[in-house]
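Step one of this worksheet: look at the structure below.
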Amino acid sequence: MRIRKALPADRPALFALWNDSCLSGEVVYKPLNDEAFARLFERNPNYDGTYDFVCEENGEIVGFITGAEKKEFLPGETRENTPGYLTAIFVLPDMRRRGIGGALLAALEDAFRAAGKKSFVSSGNNPVNLPWFIPGTPGHDHNNAPGTDVDCAGYPFLLKYGYADAHREVSMYLNLKDYKYRSEVEATRQRLLSEGIYTGRYDVSLQCEFDGMCDRVGSEYWRKVLQDETTAAHPRVILAGVYQNHIIGFTGPVDREPSGRGWFTGICVDPLYGQRGVATVLFNDLMREFIKEGAQFSTLFTGIDNHAQRLYRHTGFEVRRTFAIMKKEA
């Protein structure tokens with residue numbers, strides 16, 4: 001048995017390992033083929049294969065691991081202060097409990113240490129986003145696994161090797177044919193309007209200020225989303241709450257993925273304007289915009305203790321999976 005760097009020639013064996021686990025129901029990830037690998041990995045500017053390792057025994061690939069590091073950074077991020085990300089690990093079923101997984105993990109961690117990483121993480125911040133199927137649906141999917149699925153074998157495996165839960169996220173799902181717009185949402189919209197707060201489609205020509213909201217929320221990601229979308233030649237629909245030329249809440253951009261999933265980056269409300277119903281109106285508008293775009297379903301993930309779950313549940317979303325954000329110090 002030997003651990004070595006993965007080579008392009010190994011890919012058929014790697015895909016077989018990956019896909020066998022998918023088809024057996026061990027993991028919820030989508031199967032891999034050459035086109036999917038090129039889309040998720042090779043065309044990803046953060047991926048170069050540096051953190052891919054295989055275990056080979058008698059000429060056969062019996063396990064592999066893949067990891068990543070960020071190469072494109074948000075403000076405040078650097079190569080030195082971002083972690084090494086564990087993306088996925090697979091071992092042939094009849095070769096398990098022989099230390100292969102541990103050896104692969106050690107090789108990945110050693111490579112991260114050599115790159116100066118101070119911690120190793122399994123989380124949705126991984127720049128390699130693995131799409132997965134929502135259990136109990138007709139092939140509906142989510143575009144990114146937010147950590148380690150607590151119902152898969154990888155979770156106790158990582159606990160065994162020193163990883164700990166830093167946080168938990170739940171994935172929530174709504175079949176849009178079941179969505180119902182409630183009259184109280186419109187009543188809330190009118191009340192907000194009487195208070196000087198507009199909620200609905202945002203006109204980018206207004207050039208409203210949004211840095212204050214992003215500062216108070218503490219999200220450089222959402223700041224970048226708003227900067228990119230409001231300056232685009234052909235911006236997608238953004239739903240916003242606006243007060244006196246300030247964006248005080250937003251959701252979107254509204255998009256529909258080829259799978260039929262309604263896609264958006266998240267929902268945000270300035271803490272200065274919280275508890276007024278802005279999020280309720282915008283989130284319900286988002287569902288209606290998805291339906292206009294022809295989306296069949298929507299998914300999201302949020303903190304297991306996040307009070308926003310109440311809004312999502314009230315809109316019709318249900319929890320379908322729980323993921324652990326896991327971390328180990330170097």
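The values are calculated or read from the model by the stated rules, or taken from the named source; none is laboratory data. A quick note: this is a predicted structure, and the numbers were derived from the prediction, not measured. Cβ placement follows ideal geometry from the backbone for every residue including glycine, while neighbour counts extend to all protein chains displayed. Calculation scope for accessible area: heavy atoms of the full protein, side chains included, ligands and nucleic acids excluded. Shrake-Rupley method; radii C 1.70, N 1.55, O 1.52, S 1.80 Å.
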Which one is least open to solvent (accessible area, probe 1.4 Å), of the residues in region 1-27 that are part of a loop (DSSP other than H, G, I, E, B) and closer than 17 Å to Cys55 by Cα? Ala6
Across region 142-153, what is the total count of residues that are open to solvent by less than 20 Å² (accessible area, probe 1.4 Å), farther than 27 Å from Arg4 by Cα and in a loop (DSSP other than H, G, I, E, B)? 2
Mind checking whether some residue in region 301-318 is open to solvent by 50 Å² or more (accessible area, probe 1.4 Å), in contact (Cβ under 8 Å) with a residue 12 or more places away in the chain and of a type in the set (Gly, Ala, Ser)? no
Taking the condition of being part of a loop (DSSP other than H, G, I, E, B) and under 12 Å from Asn129 (Cα atoms), how many residues in region 28-39 meet it? 1
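From the list Pro146, Pro138, which residue is closer than 24 Å to Trp18 by Cα and touching a residue at least 24 places away in the same chain (Cβ under 8 Å)?
Just one listed residue meets the conditions, Pro146.
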Hey, Arg39 more than 16 Å from Phe112 (Cα to Cα) and open to solvent by 30 Å² or more (accessible area, probe 1.4 Å) or not: yes
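For region 250-282, name all the residues that are within 17 Å of His314 (Cβ to Cβ) and not hydrophobic (A, V, I, L, M, F, W, C).
Of all residues in region 250-282, those within 17 Å of His314 (Cβ to Cβ) come to 251, 267, 269, 274-282.
If the condition is that a residue be within 17 Å of His314 (Cβ to Cβ) and not hydrophobic (A, V, I, L, M, F, W, C), then Thr251, Gly274, Gln275, Arg276, Gly277, Thr280 are the ones that fit.
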Considering each of Arg261, Arg236 in turn, give the residue that is under 17 Å from the mean Cα position of the chain (by Cα) and basic (Lys, Arg). Arg261
